[in-house]
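Student: The following block contains the structure, expressed as structure tokens.
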Ligand SMILES: NC(=O)c1ccc[n+]([C@@H]2O[C@H](COP(=O)([O-])OP(=O)(O)OC[C@H]3O[C@@H](n4cnc5c(N)ncnc54)[C@H](OP(=O)(O)O)[C@@H]3O)[C@@H](O)[C@H]2O)c1
């Protein structure tokens, strides 16, 4: 029996990973801030699939929260075989409309937590000569798109570099780059979604299935959908200025500032 630890496991893409991995017979450690929701999810997945599910309440924007998850990943008696660094969020507003405190919180969750949890997880995995990490980035990593896109570009670049450094150790790393996925993400960030065409939306369960296939094929960067593969291919050819104009508008329609 293997164990997977998923951050941001209570909603959206993280919850889809939890459902799929539980159905595949993995024990789980679920991480998020909302203890009640975590516990309800742990009970449901245990009852439905008969796997062991731990609920670990941690806020990854805090030192204490990151420490707790690092500690769990470093537990050699009950090792974690698959780490999914998925927790993340968007901020409401463009650059200079978002407070510096909120910008720094994003970097803490999207970059510092991902760095530290990847290090804690892979150190233990390397000793066992097996294991994998999926770092959830975004297609926003490939286009100029505010602090969010910049933080996800860091996730992709970091994952590619670490994967190369750990090649041959038995530990695999993959950056997962979804396009728009129907989750709680946009609503939580106060972003309107009515300017995003229907055909651009992805289903979280299908996304997770494709991501796990890409991981098993040894991919280091996964863009798991033909629509977004084509769009990211075009993005590589388009002039940076044109790309910035389009990408800074798409899916960034904010409601009134509060
Ligand atoms: N949805 C999209 O269109 C899309 C596209 C590309 C990439 N992504 C990326 O996919 C990942 C998952 O997003 P999603 O769309 O599934 O969002 P979501 O539905 O809003 O779920 C976010 C999850 O992260 C947890 N979380 C948020 N802040 C946290 C913190 N400080 N510490 C611990 N857990 C935290 C939330 O639970 P609690 O509130 O209980 O902590 C929740 O479980 C993110 O990294 C996001 O950037 C999303």
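Student: Kindly check whether there is at least one residue in the stretch 143-166 that is outside any helix (DSSP H, G or I) and within 13 Å of the ligand (Cβ to nearest atom).
Tutor: Yes, that holds for at least one residue.
Student: Still on this structure, I have one more. Please indicate, with yes or no, whether at least one residue in the stretch 174-190 is away from the ligand (no atom under 14 Å from the Cβ), exposed (fewer than 15 other Cβ atoms within 10 Å of the Cβ) and in a loop (DSSP other than H, G, I, E, B).
Tutor: No: zero hits.
Student: Looking at (1) over 20 Å from residue 9 (Cβ atoms); (2) at pLDDT 95 or above; (3) part of a loop (DSSP other than H, G, I, E, B), can you tell me which one residue 127 breaks?
Tutor: (3)
Student: If you don't mind, there's one more thing I want to ask. Scan (1) more than 13 Å from residue 133 (Cα to Cα); (2) within 13 Å of the ligand (Cβ to nearest atom); (3) surrounded by 14 or more Cβ atoms within 10 Å (Cβ to Cβ) for the single condition residue 201 breaks and write down its number.
Tutor: Status for residue 201: all satisfied but (3).
Student: Within the stretch 205-227, can you find the residues that are modelled with pLDDT under 95 and surrounded by 18 or more Cβ atoms within 10 Å (Cβ to Cβ)?
Tutor: Let us first name the residues in the stretch 205-227 that are modelled with pLDDT under 95, namely 224-227.
Answer for the stretch 205-227, where residues must be modelled with pLDDT under 95 and surrounded by 18 or more Cβ atoms within 10 Å (Cβ to Cβ): 224, 225.
Student: Inside the stretch 3-26, can you point out the residues that are near the ligand (Cβ under 8 Å from one of its atoms) and either free of Cβ contacts under 8 Å to residues at least 24 places away in the same chain or at positive phi (or both)?
Tutor: Matches in the stretch 3-26: 8, 12.
Student: Can you list the helices (runs of 4 or more DSSP H) found entirely within the stretch 27-114 that contain at least 3 residues being within 11 Å of the ligand (Cβ to nearest atom) and on the phi < 0 side of the Ramachandran plot?
Tutor: Passing ranges, in order: 35-49, 63-73.
The values are calculated or read from the model by the stated rules, or taken from the named source; none is laboratory data. Predicted model, so just to flag it, every value in this text is computed and none were measured. With ideal geometry, Cβ positions are generated from the backbone for all residues, glycine too; neighbour counts draw on all protein chains shown.
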